[in-house]
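Below is one structure, written out as structure tokens; comments come after it.
The values are calculated or read from the model by the stated rules, or taken from the named source; none is laboratory data. Treat the numbers as computed from the prediction; the structure is a model and nothing was measured. So basically every Cβ, Gly included, is an ideal-geometry build from the backbone, and we count neighbours across all protein chains shown. Ligands, DNA and RNA are excluded from the accessible area calculation, which covers all protein heavy atoms including side chains. Shrake-Rupley method; radii C 1.70, N 1.55, O 1.52, S 1.80 Å.
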Amino acid sequence: MDIVKIIGIAFLAVIIVIILKQYKPEFAMYASILAGVAILIICFDKLSGIISLLTSLANKTSINGEFLGILIKITGIAFLTEFAVSVCKDSGETAIANKVDIGGKIIMISISIPIISTLLETIFKVLP
């Protein structure tokens, strides 16, 4: 079970970070980042299965493949933004974390413009 691996890595990282903060505080952030990357690597295996399932479902239905790609990109940006925000907040840089959060949201909106415009065009076709 992957969740047991993830929890194990998280608990081990927390213990290492607590110890490092006492003796070498400058390395505590690196340990936290490495644990986060290790957890993300574990999740990528499951993510590839989800993407292949969504792709096969999109091929079977009339969903535009471009839209599926956009949704996957937006989801990836959301995950990476949240990871970066967490690292910034753990480092005590809340102001930078807030800017990264805003930047991620703006990029997600800009990438979703084709979906929004197609949705609006469909709505305008239905309305008299």
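Past the 22 Å Cα-Cα mark, which pairs from 46/99; 24/99; 5/46; 21/105; 46/73? In this structure, 46/99; 24/99; 21/105 exceed 22 Å between Cα atoms. For the set 29, 108, the ranking by accessible area, highest first and with no ligand, DNA or RNA atoms included, is 29, 108 under a 1.4 Å probe.
Pair-distance distribution P(r) for the range 58-118, from all Cα-Cα distances in 5 Å bins starting at 0: 4, 19, 22, 17, 13, 10, 7, 5, 2, 1 percent.
Look at the alpha carbon pairs under 8 Å that are at least 6 residues apart: their mean separation over the length of the range 54-124 gives a relative contact order of 29 percent.
Here the simple spin-label model places points 7 Å from the Cα toward Cβ, and for residue 110 and residue 5 these points are separated by 3.5 nm. The chain gives an Rg/Rh value of 1.12, both radii derived from C-alpha positions and Rh following Kirkwood.
If you wrap the tightest convex hull around every Cα atom of the range 10-58 and split its volume per residue, you get 56 Å³.
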